[in-house]
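Remarks on the structure that follows.
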Amino acid sequence: MKNIRDIVVTPDVSVRKVLEIIDKSSKQIALVVDNDNKLLGTISDGDIRRALLNNISLEDGIENIYNKNPTVANINDSREEIINICSAKKIHQIPIVDNNANLVGLEVL
């Protein structure tokens, strides 16, 4: 499981800031949480590209463009279960949450 402190953001962060975070990270994704560390969603550079094509400003917040229904794995899921989820959904990164939907990590395949 990868260290995620450098890719965690809140919904009020600007599009520009998220682009900077994604650019500096090798993970190609940012994880959106609330003040209690509950996972709210994910945002990728693809989400941002689509928003920019719809005239979203770089200074706007991400609250209307992040994926609010991301695929997640539970901290109790085995590596094999996580790989199966990723294969079925054709994704390379999956947020890991606990039983209370608190963000605990990111698995990158």
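The values are calculated or read from the model by the stated rules, or taken from the named source; none is laboratory data. On a predicted model such as this, the values are computed, not experimentally measured, just so you know. Note that we place each Cβ from the backbone using ideal geometry, even for glycine, and neighbour counts take in every protein chain shown. Side chains are part of the model used for accessible areas, which takes the heavy atoms of the whole protein and leaves out ligands, DNA and RNA. Shrake-Rupley method; radii C 1.70, N 1.55, O 1.52, S 1.80 Å.
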Taking into account only those residues within the stretch 55-74 that are aliphatic (A, V, I, L, M) and part of a loop (DSSP other than H, G, I, E, B), which is nearest to Ala101 (Cα to Cα)?
Val72
Hey, among Ala88, Ala51, which residue is open to solvent by less than 50 Å² (accessible area, probe 1.4 Å), small (Gly, Ala, Ser) and on the phi < 0 side of the Ramachandran plot?
Ala51
Residue count, the stretch 8-41, condition open to solvent by less than 40 Å² (accessible area, probe 1.4 Å), in contact with a helix residue (DSSP H, G or I) (Cβ under 7 Å, 6 or more places away or on another chain) and not in a helix (DSSP H, G or I), comes to 6
Do we have any residue at all in the stretch 57-70 that's more than 17 Å from Pro11 (Cβ to Cβ) and without any contact (Cβ under 8 Å) to a residue 40 or more places away in the chain?
no
